[in-house]
Amino acid sequence: MTNAQPSAEGVPADAMRRLAELSPGKPGSIFTSDLSVNEFLLVREAGFKPIGLVLGSSIYHVGIQIGRWGKNQELETLSQAMYHARELAMTRMEAEAAALGADGIVGVRLTVEAREFGNDIAEFIAIGTAVKADNPPPGGGSWRNNKEQPFTSDLSGQDFWTLIRAGYAPLGMVMGTCVYHIAHQKMGAVFSNMGKNVEIEQFTQALYDARELAMARMQAEAESLHAEGVVGVQLNAHNHRWGGHTTEFFSIGTAVRPLRADHEIERPTMVLSLDG
């Protein structure tokens, strides 16, 4: 049993020892990866070598905030908690990749799992494969982003290969979150709508507002990376354990930049199936 203290980023010393044993680039060294065989081959074809599986974890107590019964409102304390917990997991994963000398992390998965330590406790986990480029980018400079951190991407190996082939590079995973309390309907409105096909505007506006807040925050992160755009965006809703009238909207995607200003994307090749 060890009493090793975590690093400044919160990465356990045992994890740093495991990474050191991988010794990427040295004769006889091995790599670890959660890429499928097809993804591994395509990442290699794109000019990147997998060097190690990296992860970050944060077990977080999410505090309590109660919304007013009849009011649509963001629960800012909960929004901040859900964002900070994910950011801790991502930062620790990036620290492991940096320790390996990686240029980026591909195939990142960012998940939340409820734990039985308590009703308001969840583990936030980020995991992906750290990679090292064979060569610098075609336009010069570094594969790392403008914050000198390894890029992160939740694209599949196939999509990553397509992105690089098209002349674009990932900068980092960007995300936005909003925990929102959706007002309850007044009793009179419930009875007046019985038996009718009618839009419940109060609910529509609440969900619209919450999604817009999450999307705007994701876009702000992309702008801070000087991205041209965000690809592979997912916008999900999670209720967690807050009940039916409190929902988290979470948006996430990969911010990208062009490798060269004069690059032209190849025309796609049409493939006709011979089946049927």
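The values are calculated or read from the model by the stated rules, or taken from the named source; none is laboratory data. Computed from a predicted structure; not experimentally measured. Every residue, glycine among them, receives a Cβ derived from its backbone with ideal geometry; neighbour counts consider all protein chains shown. Just the protein is used for accessible areas: all its heavy atoms, side chains included, with ligands, DNA and RNA removed. Shrake-Rupley method; radii C 1.70, N 1.55, O 1.52, S 1.80 Å.
Against the condition modelled with pLDDT of 90 or more and either among the hydroxyl-bearing types (Ser, Thr, Tyr) or at positive phi (or both), how does Thr177 come out, does it pass?
Values: modelled with pLDDT of 90 or more: yes; either among the hydroxyl-bearing types (Ser, Thr, Tyr) or at positive phi (or both): yes.
Considered against the rule, which asks whether it is modelled with pLDDT of 90 or more and either among the hydroxyl-bearing types (Ser, Thr, Tyr) or at positive phi (or both), Thr177 comes out as yes.
Does Glu264 meet the test of being open to solvent by 60 Å² or more (accessible area, probe 1.4 Å), in a helix (DSSP H, G or I) and either modelled with pLDDT of 95 or more or under 30 Å from Glu148 (Cβ atoms) (or both)? So Glu264 fails the test. The residues on offer are Ala122, Ala130, and the sole one that is of a type in the set (Gly, Ala, Ser) and either under 15 Å from Val54 (Cβ atoms) or assigned to a loop (DSSP other than H, G, I, E, B) (or both) is Ala130.
Per the conditions (1) modelled with pLDDT of 75 or more; (2) closer than 24 Å to Arg144 by Cβ, the sole criterion not satisfied by Met82 is (2).
Scanning segment 112-135 for residues that are surrounded by 12 or more Cβ atoms within 10 Å (Cβ to Cβ) and within 30 Å of Arg257 (Cβ to Cβ) yields Val112, Phe124, Ile125, Ala126, Ile127, Gly128, Thr129, Ala130, Val131, Lys132, Ala133. When segment 183-205 is filtered for residues that are modelled with pLDDT of 80 or more and closer than 15 Å to Thr246 by Cβ, nothing remains. When the residues of segment 136-166 are narrowed to those that are part of a loop (DSSP other than H, G, I, E, B) and under 19 Å from Val11 (Cβ atoms), which ends up least open to solvent (accessible area, probe 1.4 Å)? Among those that are part of a loop (DSSP other than H, G, I, E, B) and under 19 Å from Val11 (Cβ atoms), it is Pro150.
Each row is one residue, and each column tells you yes or no for (1) modelled with pLDDT under 75; (2) in a helix (DSSP H, G or I); (3) open to solvent by less than 20 Å² (accessible area, probe 1.4 Å).
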site	(1), (2), (3)
Ser7	yes, no, no
Val11	yes, no, yes
Glu21	yes, yes, no
Leu41	no, yes, no
Arg44	no, yes, no
Gly52	no, no, yes
Trp69	yes, no, no
Leu78	no, yes, yes
Arg109	no, no, no
